[in-house]
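Undergrad: Handing you a structure now.
The values are calculated or read from the model by the stated rules, or taken from the named source; none is laboratory data. In this text, all values refer to a predicted model and were calculated from it rather than measured experimentally. Because the Cβ atoms are built from the backbone with ideal geometry, glycine has one as well, and the counts that use them run over all protein chains shown.
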Protein chains: 2
Amino acid sequence: MKLLEQRIRSQGIVKPGGVLKVDAFLNHQMDVALFDEMGAEWKRLFAGVPINKILTIEASGIGIACVAAQHFGVPVVFAKKAKSVNIDGEVWATKIESFTHKRVYDVIVSKKYLGPQDHVLIIDDFLANGCALEGLLRIVRAAGAVVEGVGIAVEKGFQRGGELIRAQGVRVESLAIVEHMDAQTGEIEFRHAGQESVLEASVHA
Amino acid sequence: MKLLEQRIRSQGIVKPGGVLKVDAFLNHQMDVALFDEMGAEWKRLFAGVPINKILTIEASGIGIACVAAQHFGVPVVFAKKAKSVNIDGEVWATKIESFTHKRVYDVIVSKKYLGPQDHVLIIDDFLANGCALEGLLRIVRAAGAVVEGVGIAVEKGFQRGGELIRAQGVRVESLAIVEHMDAQTGEIEFRHAGQESVLEASVHA
């Protein structure tokens with residue numbers, strides 16, 4: 001998605017260690033007009049797919065998921081990190097390792113809001129090693145719901161998450177795939193449709 | 001706001017200890033069409049007020065704030081709980097006590113996204129004892145920004161938060177004010193415009 005790539009180029013900051021900061025518009029300050037365009041793009045990509053619920057995870061996925069959900073006319077459920085005393089009854093639960101925060105979270109979704117009747121689009125801001133997404137997929141499958149697809153804002157194509165999850169047959173639509181980035185020059189290269197990933201290229205080489 | 005009161009009556013669950021669960025539509029599963037109506041109502045209430053930024057706090061305020069922000073045409077900034085290694089540079093910081101989670105959080109906003117140029121509408125899902133809102137107000141004031149008002153979805157009128165914050169001269173627009181609720185009968189009473197609060201009535205008695 002050109003609009004998102006342009007924003008990442010103009011406002012994203014590449015840091016050492018494979019860190020891409022997009023907190024000017026995506027996950028601290030949030031440009032809701034951009035989110036609206038992103039929602040329209042996912043709706044176009046998943047046209048005709050019988051999605052009745054969007055699942056995301058706190059915190060930075062929530063804003064994107066809620067604005068996008070308006071295009072699908074469906075509710076959003078967000079997976080909560082750590083058990084709140086205000087969540088009662090039974091929950092679907094899993095553990096997710098966060099490399100950003102260097103800890104393991106318990107992640108839960110109330111059984112009241114996710115079940116076998118649900119056809120789920122998972123939305124999140126980032127896909128890197130795929131730990132968060134794998135956790136959400138485990139929760140959807142435990143609930144007996146159908147994963148209709150995954151919408152990601154920014155995928156780090158140089159990490160394994162996207163490859164691992166697509167290999168399971170899950171449809172992942174990332175609106176921007178960063179193929180390579182350089183913390184010294186600030187340069188960012190994106191992968192486009194039909195282009196072999198650096199990961200595939202390294203396997204074929 | 002009648003629509004929100006109706007949803008609280010039909011789907012809210014009153015629990016012992018002053019707990020009102022609205023996770024069917026507000027803070028776990030999220031009805032984005034309802035959020036859109038709430039955003040329209042805040043826009044009507046704050047018509048003509050020069051708001052250029054919406055501030056909220058993770059996690060459950062984010063969805064409401066993002067959908068509401070579309071009515072104002074402004075970006076959202078969410079205050080983050082605990083320091084993330086991905087937040088760099090200087091931050092506005094404060095501590096907020098959560099009675100729900102029985103702990104104290106460090107809450108931060110990057111100085112890049114909140115400053116003296118900002119006219120801020122604070123949005124959150126709940127107002128009870130006011131600890132979270134007081135923390136956000138401290139952050140806005142520390143930044144030298146102007147608090148133009150506060151939009152709350154559900155205020156617990158039987159707790160002191162709303163009273164304390166309005167007494168500071170801050171305009172607080174709560175779309176539903178629960179005046180009384182009964183965990184045994186499930187009954188919920190709302191306060192309406194011009195009505196003396198139970199707290200005021202107890203002072204005057």
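Undergrad: Taking the stated definitions as given, is B:D36 assigned to a strand (DSSP E or B) and surrounded by fewer than 20 Cβ atoms within 10 Å (Cβ to Cβ)?
TA: no
Undergrad: If you don't mind, another one. I'd like to check something: does the stretch A:167-186 contain any residue that is under 30 Å from A:P16 (Cα atoms), of a type outside the set (S, T, Y), under 17 Å from the mean Cα position of the chain (by Cα) and exposed (fewer than 14 other Cβ atoms within 10 Å of the Cβ)?
TA: yes
Undergrad: Any idea which of A:A82, A:A33, A:A59 is at positive phi and of a type in the set (A, V, I, L, M)?
TA: Among A:A82, A:A33, A:A59, only A:A82 is at positive phi and of a type in the set (A, V, I, L, M).
Undergrad: So which residues in the stretch B:58-81 are more than 7 Å from every other protein chain (Cβ to nearest Cβ), assigned to a helix (DSSP H, G or I) and hydrophobic (A, V, I, L, M, F, W, C), if there are any at all?
TA: Those that are more than 7 Å from every other protein chain (Cβ to nearest Cβ), assigned to a helix (DSSP H, G or I) and hydrophobic (A, V, I, L, M, F, W, C): B:I64, B:A65, B:A68, B:F72.
Undergrad: Which residue pairs have Cβ atoms under 6 Å apart, sit 6 or more places apart or on different chains, and have a first residue in the stretch A:165-182 that is on the phi < 0 side of the Ramachandran plot and in contact (Cβ under 8 Å) with a residue 60 or more places away in the chain and a second that is among the hydrophobic types (A, V, I, L, M, F, W, C) and part of a loop (DSSP other than H, G, I, E, B)?
TA: Close Cβ pairs (under 6 Å, with a partner that is among the hydrophobic types (A, V, I, L, M, F, W, C) and part of a loop (DSSP other than H, G, I, E, B)) amount to A:L175/A:M1.
Undergrad: Sticking with this structure for a sec: Right, B:F126: closer than 23 Å to B:L45 by Cβ, of a type in the set (F, W, Y) and not in a loop (DSSP other than H, G, I, E, B) or not?
TA: Details: closer than 23 Å to B:L45 by Cβ: yes; of a type in the set (F, W, Y): yes; not in a loop (DSSP other than H, G, I, E, B): yes.
For B:F126, the condition - closer than 23 Å to B:L45 by Cβ, of a type in the set (F, W, Y) and not in a loop (DSSP other than H, G, I, E, B) - is met.
Undergrad: Looking only at the stretch B:42-57, count every residue that is more than 13 Å from every other protein chain (Cβ to nearest Cβ) and either without any contact (Cβ under 8 Å) to a residue 12 or more places away in the chain or surrounded by fewer than 24 Cβ atoms within 10 Å (Cβ to Cβ) (or both) and tell me the total. Quick ask: steps written out before the conclusion?
TA: Step one: of the stretch B:42-57, the residues more than 13 Å from every other protein chain (Cβ to nearest Cβ) are B:42-51.
Subset that is either without any contact (Cβ under 8 Å) to a residue 12 or more places away in the chain or surrounded by fewer than 24 Cβ atoms within 10 Å (Cβ to Cβ) (or both): B:43-51.
Summing the residues that are more than 13 Å from every other protein chain (Cβ to nearest Cβ) and either without any contact (Cβ under 8 Å) to a residue 12 or more places away in the chain or surrounded by fewer than 24 Cβ atoms within 10 Å (Cβ to Cβ) (or both) in the stretch B:42-57 gives 9.
Undergrad: Additional query: Only one of (1) outside any loop (DSSP other than H, G, I, E, B); (2) β-branched (V, I, T); (3) out of contact with any helix residue (DSSP H, G or I) (no Cβ under 8 Å at 6 or more places or on another chain) is not met by A:V120, so which one is it?
TA: In the conditions (1) outside any loop (DSSP other than H, G, I, E, B); (2) β-branched (V, I, T); (3) out of contact with any helix residue (DSSP H, G or I) (no Cβ under 8 Å at 6 or more places or on another chain), A:V120 misses (3) alone.
Undergrad: Taking the criterion of being touching a residue at least 40 places away in the same chain (Cβ under 8 Å), facing chain A (nearest Cβ under 9 Å) and outside any loop (DSSP other than H, G, I, E, B), would at least one residue in the stretch B:90-109 satisfy it?
TA: Yes, the stretch B:90-109 has at least one match.
Undergrad: Oh, and also: So in the stretch B:84-115, with the set limited to residues that are modelled with pLDDT of 90 or more and among the β-branched types (V, I, T), which one is farthest from the chain's Cα centre (by Cα)?
TA: Among those residues, the one meeting the criterion is B:V91.
Undergrad: Just give me the residues in the stretch A:111-127 being over 21 Å from A:A176 (Cβ atoms), in contact (Cβ under 8 Å) with a residue 24 or more places away in the chain and not acidic (D, E), in sequence order. Show your work before the answer.
TA: Here is the first cut: in the stretch A:111-127, the residues over 21 Å from A:A176 (Cβ atoms) are A:111-120.
Pick out the ones that are also in contact (Cβ under 8 Å) with a residue 24 or more places away in the chain and you get A:111, A:113-120.
The answer is A:K111, A:Y113, A:L114, A:G115, A:P116, A:Q117, A:H119, A:V120.
Undergrad: Taking into account only those residues within the stretch B:116-138 that are under 8 Å from the mean Cα position of the chain (by Cα) and of a type in the set (D, E, K, R), which is surrounded by the most Cβ atoms within 10 Å (Cβ to Cβ)?
TA: Step by step, filter the stretch B:116-138, then rank; the result is B:D124.
Undergrad: Next question, about the same structure. If we scan the stretch A:2-18, do we find a residue that is surrounded by fewer than 20 Cβ atoms within 10 Å (Cβ to Cβ) and at the interface with chain B (Cβ under 9 Å from one of its Cβ atoms)?
TA: Looking for residues that are surrounded by fewer than 20 Cβ atoms within 10 Å (Cβ to Cβ) and at the interface with chain B (Cβ under 9 Å from one of its Cβ atoms), one finds at least one in the stretch A:2-18, hence yes.
Undergrad: Moving on. Looking at the stretch A:128-150, I want the residues that are more than 15 Å from A:G161 (Cα to Cα) and have a partner that is among the acidic types (D, E) and buried (at least 20 other Cβ atoms within 10 Å of the Cβ) with Cβ atoms under 8 Å, at least 6 apart or on another chain. Which pairs are those?
TA: Between residues of the stretch A:128-150 that are more than 15 Å from A:G161 (Cα to Cα) and residues that are among the acidic types (D, E) and buried (at least 20 other Cβ atoms within 10 Å of the Cβ), the close pairs are A:V140/A:D118; A:A143/A:D118; A:A145/A:D118; A:V146/A:D118.
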